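Notes follow once the structure below has been shown.
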Amino acid sequence: MQTTRADEGHDVDPSASAAVAWIGVAAVVVVHLAVLGLLGDEASLSALLAAQVFALLAVAGFEVGFGSASFRTLSALAVCWAVLAGGTLFAATAAGPTVAAGGLATVAAVGCYGLHRYELVALGLVEVADERE
Amino acid sequence: MDPTPRFWSTAGTGALLAVLGVVFARPVLVVGAASVGAIVLARQYAFLRAVQRLDDGLSVDVATDAQFVRRDERTELTLSVSVPSGAPLGLAVTAELPAVAGPVDRAERTVRLDPGAESGTATVSVEWPVVGRATVPEPTVSVADASGLFTESYRRGGETEIRVEPRQPRNVHVGEGGDAVGAPFGGHRTDQYGQGTDPAELREYAPGDSVSNIDWKATARLAYPHVREYEVETDRRTVMVVDHRARLATGPEGERPLDYLRELALVVADAAATADDPLGYYAVGDDGLTAELRPSTTTDHYREVQTLLHGLAPTEGRTPGGSARGVADTRRAADLLADDDTDFGGTLVPYFGASERYVQRIAGDSLFETVRTRVGRLDGTHWVLLFTDDSDRTRLRETVRAAQARGHHVVVFLAPSVLFETGGLADLDAAYDRFVEFESFRRELDRIDRVSAYEVGPGERLNAVLSGDRRR
């Protein structure tokens with residue numbers, strides 16, 4: 001097998017439509033805006049956690065209903081959700097929303113880039129500049 | 001893994017929530033941004049898993065129906081894609097083409113598999129207009145995740161090599177009765193001794209010999225005066241008469257009688273240039289003489305002969321009534337039409353332009369008349385090399401006699417028609433009988449005083465005709 005990465009344009013379309021892909025994100029936005037609108041600054045930790053669980057179940061339901069999500073994918077979604085949302089909530093409570101937002105951006109960027117690099121290695125697409133090194 | 005515009009929209013939504021949360025000091029919105037980030041990361045992970053599963057079971061193969069093709073020929077390129085366990089996500093595999101290949105629509109050379117599909121193939125016809133070695137790169141596999149946030153492209157499969165060969169004769173046979181002749185033309189011994197540079201022989205001194213010719217070392221060794229003689233050097237004045245009438249255009253380009261005769265003529269021209277022999281060149285088309293270069297030995301002259309030979313193409317058959325119009329009249333009409341922008345003028349210009357290719361129009365058999373009127377009038381003895389075929393034997397016989405009668409040596413290079421006709425070798429026994437007739441004619445020419453005749457053609461076809469027990 002060769003290990004060359006192609007620079008051509010993509011010839012394949014995603015199987016899900018844009019509307020289906022956006023449903024989960026829209027649900028998250030709506031739930032959080034609803035929490036903010038209904039409870040305002042009075043939102044308790046338990047209410048927030050309940051909202052997160054509700055949003056997670058909604059997104060997982062959409063993934064199962066419209067996509068082909070496996071148990072492994074749903075587990076990954078739950079873990080990511082727990083780590084990011086839980087960590088952000090803790091940071092926002094402890095150090096304020098600015099620090100929480102900065103930390104979230106950093107963790108999300110590192111996570112995305114890490115998965116990207118892992119994929120390159122897994123597919124053998126990493127080019128070695130000089131094999132003697 | 002490349003992010004799509006949909007990815008940036010989703011990430012932008014999360015970023016907007018985070019910014020609003022910071023600006024309005026609402027931690028709930030920042031938590032909402034974290035939820036969006038979790039969705040993106042989970043989908044990226046799911047895509048990564050699907051690509052890995054796909055790559056483990058993916059098999060891509062590109063096959064061609066020919067590794068060797070001639071320029072401008074086509075080959076079929078077949079792309080086969082298989083995922084025995086079923087594709088975990090939609091993919092497209094595209095057969096890539098090298099820059100030297102002819103254009104093929106990308107959609108035609110792409111195999112698309114929907115999720116769950118197991119295999120697919122695509123076959124395209126590719127033209128190869130450039131001579132050389134071409135490498136068909138590995139096909140490109142393109143995948144996109146189900147939600148459209150990420151795409152990926154990478155190469156899989158192997159490279160395929162195709163050699164594109166020029167359209168020119170291969171295995172040119174020059175010989176007599178099927179037996180190849182190594183050098184029918186080129187070296188020219190005089191068998192005369194005198195002034196020169198190549199030593200010929202030693203002989204005893206005889207009264208009348210110049211003292212300066214005495215070889216003193218041989219004299220000392222043999223105890224009697226000996227003189228060394230040298231072979232006389234001579235220039236062989238050569239005239240090539242190349243027939244490029246329409247009848248020499250039988251068969252595909254590169255395999256026509258004219259192509260074989262041209263290859264040989266180029267060899268002769270090169271040999272003449274190497275030996276500094278005076279070389280003349282006459283090209284004969286259907287309607288007359290298309291090129292006339294009187295014998296000369298300048299470097300530019302040899303180069304011009306070779307250039308003309310390289311550009312030699314068959315003429316388009318005899319033009320009815322063509323001899324009625326003189327070259328001067330034709331040129332005058334072409335000059336007048338050159339300034340005519342009307343549709344009438346535009347229609348006529350190509351006909352007058354084509355007519356200008358002829359140096360002189362000739363009524364009757366143009367080859368015979370050229371030899372009679374041009375070659376026959378050359379001063380001194382020349383080696384006249386005729387490059388033609390055997391389709392009009394009676395006229396050719398007269399042509400050879402016309403050249404020979406003037407005291408010239410004549411070498412006839414004949415392309416046997418039987419070796420070039422389409423389907424001519426379908427019946428090998430009939431082809432053999434026709435070749436025997438040709439051979440009889442060639443020998444008849446060869447028996448004429450100061451005339452040599454050789455056959456020129458594709459060696460493999462001649463071998464096929466003479467193969468097995470047909471050769472007697």
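The values are calculated or read from the model by the stated rules, or taken from the named source; none is laboratory data. All figures in this text were calculated on a predicted structure; none of them were measured in a lab. For neighbour counting, all protein chains shown are included, and Cβ atoms are generated from backbone atoms with ideal geometry for every residue, glycine included. Protein only, heavy atoms only, side chains kept; ligands, DNA and RNA dropped before computing areas. Shrake-Rupley method; radii C 1.70, N 1.55, O 1.52, S 1.80 Å.
Tell me yes or no: at least one residue of region A:111-123 is more than 7 Å from chain B (Cβ to nearest Cβ), of a type in the set (Gly, Ala, Ser) and part of a helix (DSSP H, G or I). Yes, region A:111-123 has at least one match. For the condition in a helix (DSSP H, G or I) and under 29 Å from residue A:90 (Cβ atoms), residue B:19 qualifies. Summed over region B:339-398, residues that are surrounded by fewer than 16 Cβ atoms within 10 Å (Cβ to Cβ), under 25 Å from residue B:235 (Cβ atoms) and modelled with pLDDT of 80 or more total 4.
Where strands (runs of 3 or more DSSP E) fall entirely within region B:198-311, those with at least 2 residues that are crowded, with 17+ Cβ neighbours inside 10 Å are at B:226-231, B:238-243, B:279-284, B:288-296.
Which of the residues belonging to region B:399-429 are in a loop (DSSP other than H, G, I, E, B) and farther than 25 Å from residue B:458 by Cα? I'd like the intermediate steps shown before the answer.
First, the residues of region B:399-429 that are in a loop (DSSP other than H, G, I, E, B): B:406-408, B:416, B:420-427.
Within region B:399-429, B:406, B:407, B:408 meet the criteria.
Of the residues A:100, A:69, A:108, only one is buried (at least 19 other Cβ atoms within 10 Å of the Cβ) and not in a helix (DSSP H, G or I); which? Working first, answer last.
Working: A:100 fails: not in a helix (DSSP H, G or I); A:108 fails: not in a helix (DSSP H, G or I).
A:69 is the lone residue from the list that is buried (at least 19 other Cβ atoms within 10 Å of the Cβ) and not in a helix (DSSP H, G or I).
Residues in region B:1-30 that are closer than 17 Å to residue A:27 by Cβ and either at the interface with chain A (Cβ under 7 Å from one of its Cβ atoms) or over 60 Å from the mean Cα position of the chain (by Cα) (or both): B:6, B:10, B:13, B:14, B:16, B:17, B:28, B:29.
Given region B:89-139, what strands (runs of 3 or more DSSP E) lie entirely inside it while holding 2 or more residues that are more than 21 Å from the chain's Cα centre (by Cα)? Quick ask: steps written out before the conclusion?
Details: elements: B:91-94, B:110-113, B:119-127, B:132-136.
By residue number, B:91-94, B:110-113, B:119-127.
Only a single item in (1) touching a residue at least 24 places away in the same chain (Cβ under 8 Å); (2) within 14 Å of chain A (Cβ to nearest Cβ); (3) in contact with a strand residue (DSSP E or B) (Cβ under 6 Å, 6 or more places away or on another chain) is not met by residue B:108, and it is number (1). Among the criteria (1) open to solvent by less than 10 Å² (accessible area, probe 1.4 Å); (2) touching a residue at least 60 places away in the same chain (Cβ under 8 Å); (3) part of a helix (DSSP H, G or I), the one residue B:69 does not fulfil is (3). It is to be established whether one or more residues within region B:54-64 are touching a residue at least 12 places away in the same chain (Cβ under 8 Å), surrounded by 17 or more Cβ atoms within 10 Å (Cβ to Cβ), facing chain A (nearest Cβ under 9 Å) and part of a helix (DSSP H, G or I). Checked against the condition, which is being touching a residue at least 12 places away in the same chain (Cβ under 8 Å), surrounded by 17 or more Cβ atoms within 10 Å (Cβ to Cβ), facing chain A (nearest Cβ under 9 Å) and part of a helix (DSSP H, G or I), region B:54-64 yields at least one hit.
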